[in-house]
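*Asks:* Take this structure first; my questions come after.
Just so it is clear, none of the values below were taken in a lab; they were calculated from the coordinates. Only a predicted model underlies this, so the values are computations on that prediction, with no experimental measurement involved. All Cβ positions, glycine included, derive from the backbone under ideal geometry; neighbour counts span all protein chains shown.
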Amino acid sequence: MTVRPILIHPDPRLKKRCDEVSDITPELRELADDMLQTMYDAPGIGLAAPQVGVMSRLLVMDCVKDADTAPRPLILFNPRIVWASEERNVYEEGCLSIPDQYADVERPAEVRVAWIDETGAEREEQFDGLWATCVQHEIDHLDGKLFIDYLKPLRRQMITRKMVKLKREREREKARA
Ligand code: NI
C-alpha cells in the first residue's frame, strides 16, 4: 500500500464529475487500499478518488474516532444516496484538499446509501451522525463539489485565496529541496 499525494484546492480535477466504475479491477482495489492508507496517514475520516487525481466514483471512509473501538474501513464504488431524512444536521466540516479550514455545513441528518463493495457485492446501509455527514461530503467530491461550495461567496473566496497561497509556498519549498 502506498500513500498517494492529495490534491489541494483549487485544482480542475476537484471540480469535475467522476465516471461510474463498471468493473472492480485489481487496479481499482489497489487504489482503494492506497486511498485508505492515505486517509489514515493524513489523518482523515474520508477520501474520494478525485482527491488523489483519479476521476472514478470511488470513496473510502472510517469515522471511528474512539481509539478503543476497532477501525471500520469502508470502500464504496458508485455510491448513491437512495434516501435522505427531512431532519437536518450541522457539522463543522473540513477537507484533506482544503487543509486547516473548517466551516459549518447543514445536510440531511440521516442518509441511506447504496454502493458496490470491493468484492463486487451490492451493499446498502443507513448512516447517521458523523458517518452521514462524511458520506455526503465524499459523494459530493465525486460530483465535483466541495464543502466550501455551501458557504457564502465571500467566505469561499477567502478560503480559496489562502489555498492558492499555501500551494505557492509548497511549490517554493519543493523547488528549494
Ligand atoms: Ni473533502
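*Asks:* Could you state the number of Å between the C-alpha centres of the stretch 114-169 and the stretch 66-98?
*Replies:* Taking the Cα centre of the stretch 114-169 as reference, the centre of the stretch 66-98 is 9 Å away.
*Asks:* Let me ask another. What Kirkwood Rh does the chain have if only Cα atoms enter the pairwise 1/r average? Answer in Å. Walk me through the numbers before you get to the answer.
*Replies:* Values: mean 1/r = 0.0596 Å⁻¹.
Result for the chain stands at 16.8 Å.
*Asks:* Could you please tell me the mean projected area of the C-alpha convex hull for the stretch 1-101, averaged over all directions and given in square nanometres to one decimal?
*Replies:* Details: hull surface 31.8 nm².
Projected area, direction-averaged: 7.9 nm².
*Asks:* Here's something else I'd like to know. Using +1 at the Cβ of each Lys and Arg and -1 at the Cβ of each Asp and Glu in the chain, identify which of 38, 51, 84 lies farthest towards the dipole's positive end.
*Replies:* It is 51, whose Cα lies furthest towards the positive end.
*Asks:* Run the reach check for residue 162 against lysines, Cα to Cα strictly under 27 Å, same-chain hits fewer than 8 apart removed. What comes back?
*Replies:* 15, 16, 145, 152, 174
*Asks:* On to the next question. Arranged from highest to lowest average of other beta-carbon atoms within 10 Å per residue, in what order do the peptides 22-30, 99-107, 62-70 appear? Write down the numbers at each step before the final one.
*Replies:* Numbers: 22-30: 12.0, 99-107: 15.1, 62-70: 9.9.
The densest-packed peptide leads the list: 99-107, 22-30, 62-70.
*Asks:* Ranked highest first by average number of other Cβ atoms within 10 Å, how do 149-157, 77-85, 134-142 line up?
*Replies:* 134-142, 77-85, 149-157
*Asks:* Here's something else I'd like to know. Could you size up the charge dipole of the stretch 46-177 around its Cα centre, putting +1 on the beta carbon of Lys and Arg and -1 on that of Asp and Glu, and report it in debye to the nearest 20?
*Replies:* Working: 21 positive and 24 negative charges, 237 e Å.
The dipole of the stretch 46-177 has a size of about 1140 debye.
*Asks:* Let me ask you something else. By how many nm would the segment from residue 11 to residue 66 lengthen if fully extended, with 0.36 nm per residue of separation less the alpha-carbon distance? All intermediate terms of the calculation are to be shown ahead of the outcome.
*Replies:* Values: separation 55, 0.36 × 55 = 19.80 nm, distance 3.30 nm.
My answer for the length gained is 16.5 nm.
*Asks:* OK, next. I'd like to know how the stretch 68-113 sits against the 2.2 N^0.38 Å rule of thumb: what's its Cα Rg over that expected value?
*Replies:* On the way: Rg = 13.6 Å, N = 46, 2.2 N^0.38 = 9.4 Å.
In units of the globular-protein estimate, the stretch 68-113 measures up at 1.44.
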